[in-house]
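Colleague: Quick one: the structure is below, and I'll ask about it shortly.
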Amino acid sequence: MTPDPGDSSSSSKMEKETEPLAKKALKISPGMDTSGATLFRPPPEPTLFTGRKETLKIIAAKATTRPILIGLSGFSGIGKTCLTIPLSKLFATQFPGTCLFTDMQGNHPSPPSAEDIMRRIILKFHPTQPLPTDDKKLAQLYRVALKKHKGILILDNVSGIKQVKPLVPPPSWLFIVTSTKAVLIPKMVTIELEPMEIMEAHTLLTRWAPEISPALSEISAICQGVPLALELIGKLFSINSTIKPDYFLKKFMDA
């Protein structure tokens, strides 16, 4: 039976069962870079982005009136950061101009404050601008700086409402937030990402590594639709294509 999206116990159980899969995939993929994000520049578009068409349709149908605020939530490895790229492209014609991407380090013991991010964004547009020490004046300067521009602001991996609410930009900006737990801001379209459907998972694996077909169903089942796990396994198998799929499957299960 499919879990009720509104059932917090089902969601929590799924998170506990699937989140370790991304960590397991990373464990047998030493040295593989999965970040690729730098301050103010979005990470590279996924080479073989697969699925999430229905999610994009739902967001497009709901986010029709400015200000457009979009919140993507879900556990680590579920594909939140990757989805921000096609999502920003979906709205690119409505919000031409600058695309700012910032890792908010929500899983860090001391993530940057909203004021820290304000300073960085102000200096991005006005490198020589003197910055006030008073937080209220800083917030005013932040809003003035953004009003003179338009574009897309992506805050990835936020820690919570306190870190992100002061950073809501003017309506001339598309605002995208990703977080483990949903961040509830008025007028924000919130989507909790679920694991990929079986056929989407199969497609993603075989696009990365066609040779994996003999063990496709078994590996897909173990990954339980977690995009990061599927991608890392596909990449790892593609660069070790001489390994037999059944041996590869055993190695992953034993990790």
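Colleague: Select the helices (runs of 4 or more DSSP H) contained entirely in segment 1-117, then report the ones holding at least 1 residues which are modelled with pLDDT of 90 or more and among the charged types (D, E, K, R).
Modeller: Output list reads 53-62, 80-90.
Colleague: Hey, another quick one. In segment 226-246, is there at least one residue being assigned to a loop (DSSP other than H, G, I, E, B) and touching a residue at least 60 places away in the same chain (Cβ under 8 Å)?
Modeller: yes
Colleague: Read through the list (1) surrounded by 14 or more Cβ atoms within 10 Å (Cβ to Cβ); (2) more than 24 Å from residue 77 (Cα to Cα), then give the number of the only condition that residue 161 fails.
Modeller: (2)
Colleague: Looking at (1) under 30 Å from residue 246 (Cα atoms); (2) in contact with a strand residue (DSSP E or B) (Cβ under 8 Å, 6 or more places away or on another chain); (3) not β-branched (Val, Ile, Thr), which one does residue 227 not meet, given that it meets all the others?
Modeller: (2)
Colleague: Sticking with this one: Would you pick out the residues in segment 127-177 that are part of a loop (DSSP other than H, G, I, E, B) and closer than 20 Å to residue 97 by Cα?
Modeller: 127, 148, 149, 150, 168, 169, 170, 171, 172
Colleague: Could I ask something else about it? For residue 133, only one of the following conditions fails: (1) farther than 22 Å from residue 228 by Cα; (2) in contact (Cβ under 8 Å) with a residue 12 or more places away in the chain; (3) among the β-branched types (Val, Ile, Thr). What is its number?
Modeller: Residue 133 satisfies all of (1) farther than 22 Å from residue 228 by Cα; (2) in contact (Cβ under 8 Å) with a residue 12 or more places away in the chain; (3) among the β-branched types (Val, Ile, Thr) except (2).
Colleague: Within the bounds of segment 137-146, is there any residue that is touching a helix residue (DSSP H, G or I) at 6+ places or on another chain (Cβ under 8 Å), farther than 25 Å from residue 83 by Cα and surrounded by fewer than 16 Cβ atoms within 10 Å (Cβ to Cβ)?
Modeller: no
Colleague: Regarding residue 192, is this residue modelled with pLDDT of 90 or more, closer than 18 Å to residue 74 by Cβ and either surrounded by fewer than 23 Cβ atoms within 10 Å (Cβ to Cβ) or among the charged types (D, E, K, R) (or both)?
Modeller: Answer is yes for this residue.
Colleague: Could you go through segment 193-200 and let me know if any residue there is in contact with a strand residue (DSSP E or B) (Cβ under 7 Å, 6 or more places away or on another chain) and either under 30 Å from residue 239 (Cβ atoms) or free of Cβ contacts under 8 Å to residues at least 24 places away in the same chain (or both).
Modeller: The answer is yes, given that some residue of segment 193-200 is in contact with a strand residue (DSSP E or B) (Cβ under 7 Å, 6 or more places away or on another chain) and either under 30 Å from residue 239 (Cβ atoms) or free of Cβ contacts under 8 Å to residues at least 24 places away in the same chain (or both).
Colleague: Further question: Name the one entry in 128, 190, 133, 203 that is in contact with a strand residue (DSSP E or B) (Cβ under 8 Å, 6 or more places away or on another chain) and either of a type in the set (Val, Ile, Thr) or under 24 Å from residue 108 (Cα atoms) (or both).
Modeller: 190
The values are calculated or read from the model by the stated rules, or taken from the named source; none is laboratory data. Note that the structure is a prediction, hence the values are computed from the model and not measured. Cβ atoms come from the backbone with ideal geometry, glycine included; neighbour counts cover every protein chain shown.
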